Amino acid sequence: MPAPLHHIEDIAGAAPEADWRTVAVTLSRYVRARTNRVDLVEDVVQETLSRLVQQSRVQKLVSVYALGFRIAANLLVDHHRRDRRYVAEREEEPASQAPLPDRVLAGRQELAVLQQALATMPPLRRDVLVRRRLQGQSCAAIARELGLSPKAVEKHITRGLADLHKAMGGDAFARGAEQ
């Protein structure tokens, strides 16, 4: 906590070139003009005066006001950075991982359309498509297990995907790829 003004005068000993009260009033005006936070003005002014007194003990100050304005400006920047960091931390609360209700509804509707499209496909085409796309089997393995040629399996997959694409309205898969 910065020292109060009357304490600074006692610590400073002999009166400096500038009257500390005049410097404090001028710094208050300077800080008030640069921030809309009234609670911050006194803190910055007191800290600035404290640093000015410390600096005046170390060396002769050419311009108390110039150094005071620079210290106050730096303190304001420090406070702004600190406040911004705290605001950013508060805003970074974990967002819900649950999808939005409209996305859930859209997903359910798309699933119903896909289930209907799969149900209307010929059984062999549906079986080939499910094995390839959902179970991840290779075309060669599907061909061996079902007694088909690899080319026939590829045609069933192509036709099955075309059926699903048509059932979804043609551009639904393109929209899903963009998101």
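The values are calculated or read from the model by the stated rules, or taken from the named source; none is laboratory data. What you see is a predicted model, and the numbers here were worked out from it, not measured in a lab. Here the Cβ is made from the backbone with ideal geometry for all residues, glycine too, and neighbour counts use every protein chain on show. We work out accessible area using only protein heavy atoms, side chains counted, and drop any ligands, DNA or RNA first. Shrake-Rupley method; radii C 1.70, N 1.55, O 1.52, S 1.80 Å.
Within the set R82, R70, R51, R90, the sole residue that is modelled with pLDDT of 90 or more, basic (K, R) and surrounded by fewer than 15 Cβ atoms within 10 Å (Cβ to Cβ) turns out to be R70. When L118, L100, L129, L124 are checked against the criterion of being open to solvent by 60 Å² or more (accessible area, probe 1.4 Å), modelled with pLDDT of 90 or more and among the hydrophobic types (A, V, I, L, M, F, W, C), a single residue qualifies: L124. Just one of (1) surrounded by 11 or more Cβ atoms within 10 Å (Cβ to Cβ); (2) at pLDDT below 90 fails for K60. It is (1). Residue pairs whose Cβ atoms lie under 7 Å apart, sitting 6 or more positions apart in sequence or on different chains, and linking a residue in segment 58-82 that is more than 21 Å from D19 (Cα to Cα) to a partner that is aliphatic (A, V, I, L, M) and assigned to a helix (DSSP H, G or I), are L75/V44; L76/V31; L76/V44; H79/L40. Candidates are the residues of segment 153-171 that are surrounded by 16 or more Cβ atoms within 10 Å (Cβ to Cβ) and of a type in the set (G, A, S); the one that is modelled with the lowest pLDDT is A167.
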